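Note sheet for the following structure.
Where a number appears in this text, it was derived from the coordinates with a stated rule and is not lab data. Computed from a predicted structure; not experimentally measured. All Cβ positions, even for glycine, are placed from backbone atoms using ideal geometry, and neighbour counts span all protein chains on display.
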Amino acid sequence: MAINIALTKGRLEKESIKIFDKAGFDVSALKDKGRKLIFKDNKMDYNYFLVKSADAITYVEHGVADIGIVGKDTLIESNSNYYEMLDLKIGECKFIVASLPDSKLFKSYSNIKIGTKYPNVAKKYFYEKGMDVEIIKIEGSVELAPILGLCDGIVDIMETGITLKENGLIVKDEICDISARVIVNNTAFKLKEKEIKEFLFKVSEVI
Ligand code: PRP
């Protein structure tokens with residue numbers, strides 16, 4: 001039975017393709033992709049498609065994709081149903097809380113505003129700290145928000161720390177480590193058990 005694999009495009013794309021290549025899959029179409037979005041593996045019975053991380057979870061949850069490659073950050077933020085099977089050890093970064101050095105974040109407990117692409121992660125973090133904060137959803141370049149005065153701090157991912165440093169922000173706390181994971185649709189894991197286990201075995205051998 002054919003296996004459909006949703007790959008997160010962007011940051012994780014190249015590293016995922018490298019792993020698949022090492023695992024012996026035919027990723028030639030993915031390496032020379034042009035503007036195409038679906039790619040056939042001529043060796044394995046696999047179809048790959050490139051999507052945004054949150055959409056990869058959606059495709060897996062609805063069973064359109066049997067397997068997805070998604071960052072743990074997006075998985076923690078979403079509230080979806082799937083099996084998380086493997087840590088690919090790529091796209092390694094951290095969830096952090098950051099602010100300008102003179103921010104009132106953690107000095108005052110009222111009227112704190114937090115800018116983030118990850119409102120659920122931020123809400124949970126500050127709830128556990130007993131802090132009542134206002135969460136402001138931002139879609140990207142989150143580091144800009146405290147500089148422009150939109151918020152007192154941010155919850156975001158940090159990889160090298162360069163973006164924070166170049167924009168004068170400092171890490172106030174580390175929330176957790178993040179890396180890319182293999183997720184599997186619950187039903188597909190039963191119906192296509194042999195094929196999915198073969199995929200997982202081949203990938204786990206090269207990570
Ligand atoms: C992410 C994140 C930070 C940056 C961190 O953004 O939101 O802005 O990477 O990386 P660094 O620690 O290596 O500097 P991304 O590049 O995905 O784009 P975005 O800001 O548009 O979300």
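P(r) tail for the chain, what percent of Cα pairs lie past 29 Å?
33
Could you tell me the largest-minus-smallest coordinate of the C-alpha atoms of segment 1-110 on each of the three principal axes, in descending order and whole angstroms?
In descending order, the Cα extents are 59, 27, 26 Å.
Placing +1 at every Lys and Arg Cβ and -1 at every Asp and Glu Cβ, with all other atoms neutral, what dipole size does the chain have around its Cα centre, in debye to the nearest 20?
300
Near the amide H of A65, under 5 Å away, which other amide H atoms are found, from residues 5 or more places off or on another chain, if H is placed in the peptide plane?
HN-HN under 5 Å from A65: V60.
Which is farthest toward the positive dipole end of segment 93-178 among V171, L144, S103, measuring Cα position about the Cα centre, with Cβ charges +1 (Lys, Arg) and -1 (Asp, Glu)?
Comparing the listed Cα positions along the dipole, S103 ranks first.
From the convex hull of the Cα coordinates of segment 93-178, what is the mean projected area in square nanometres?
Reported value for the Cα convex hull: 4.9 nm².
Relative contact order (percent) for the chain, with alpha-carbon contacts under 8 angstrom and 6 or more residues of separation?
Relative contact order of the chain: 28 percent.
Among rounded, prolate and oblate, which fits segment 128-175 when a ≥ b ≥ c are the square roots of the eigenvalues of its C-alpha gyration tensor, a/c under 1.5 means rounded, and a/b larger than b/c means prolate?
Oblate, since a/c reaches 1.5 and b/c is not below a/b.
Assign unit charges at the C-beta atoms only (+1 for Lys and Arg, -1 for Asp and Glu), then state the dipole size of segment 93-178 relative to its Cα centre in Debye, rounded to the nearest 20.
Working: 11 positive and 13 negative charges, 42 e Å.
Approximately 200 debye in magnitude.
Which value does Rg/Rh take for segment 11-62 over its C-alpha atoms, Rh per Kirkwood?
On the Cα set of segment 11-62, Rg over Rh gives 0.96.
Distance between Cα centroids, segment 117-158 to segment 31-106: provide it in whole Å.
21
With Cβ to Cβ distances under 14 Å as the rule, what net charge do the other residues near D173 carry (K, R +1; D, E -1)?
0
Of V70, G10, N42, which is farthest along the charge dipole of the chain in the positive direction, counting Lys and Arg as +1 and Asp and Glu as -1 at C-beta?
N42
In sequence order, what are the phi-derived ³J(HN,Hα) couplings for segment 175-182 according to the Karplus relation 6.51 cos²θ - 1.76 cosθ + 1.60 with θ = phi - 60°, rounded to whole Hz, with x for glycine and proline?
For segment 175-182, the Karplus-derived couplings read 8, 6, 7, 9, 7, 7, 10, 9 Hz, x marking Gly and Pro.
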